[in-house]
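To start, the structure itself, in structure tokens.
Nothing in this text is a laboratory measurement; each read-out follows from the coordinates by a stated rule. These numbers come from a predicted model, not from an experiment. Reconstructed Cβ throughout: ideal geometry from the backbone, glycine too, with neighbour counts over all protein chains shown.
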Amino acid sequence: MRLAARVGAMPLGAVFLICGVVMAAAVGLLHLDRMPVAFCLFKAVTGLPCLTCGTTRAFARLFALDLRGAVVMNPLSAAVALALVPWGVADLLLLPKGRAMALEVSPAVAPVLRVTAVSLLAANWAYLMVVGR
């Protein structure tokens, strides 16, 4: 596994960072986390929280710079949002040079990363069910 600044690579970190900042600002400024109605079809049908349950509230906490509150709302969403910051900043700094950050994963490591990602999603979902989101 190797992190590299590749020429001509798509600056996905910058795109995700800008989208995340816009979403957090929209949630924070419009108080979307305080709406009296939840719009989760999955929860309405099953009674269980979806994998992203609490993400809107986590973004609102991040907008208010309440890191602890964001992690309590949805640990995985908060961690992913925070991980996007250095990646996005690096891409923005590399953009004038026509480069972008790219994670190169060997075929031997790819299955381990997939299993880890699924395990993190499952652990996060279990947390959301335990805390009653």
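Brief remarks follow.
- Dipole of segment 33-133 computed with +1 at Lys/Arg Cβ and -1 at Asp/Glu Cβ about the Cα centre; of Leu103, Met73, Ala117, farthest Cα towards the positive end is Met73.
- R0 of 35 Å, Cβ-Cβ distance Leu95-Thr46: FRET efficiency to nearest 0.05: 0.25
- A protection proxy built from the mean count of other Cβ atoms within 10 Å ranks the segments 71-77, 6-12, 123-129, most packed first, as 71-77, 123-129, 6-12.
- For the options Gly47, Gly13, Gly98, a Gaussian network treatment of the chain with springs between C-alpha atoms closer than 10 Å singles out Gly47 as fluctuating the most.
- Note on the chain: GNM, Cα springs under 10 Å; of Phe16, Phe42, Phe63, the largest mean-square fluctuation is that of Phe42.
- Per residue, the convex hull spanned by the Cα atoms of the chain amounts to 126 cubic angstrom.
- Per-residue extension of 0.36 nm, minus the Cα-Cα distance of Ala83 and Val131, leaves a gain of 14.9 nm for this segment.
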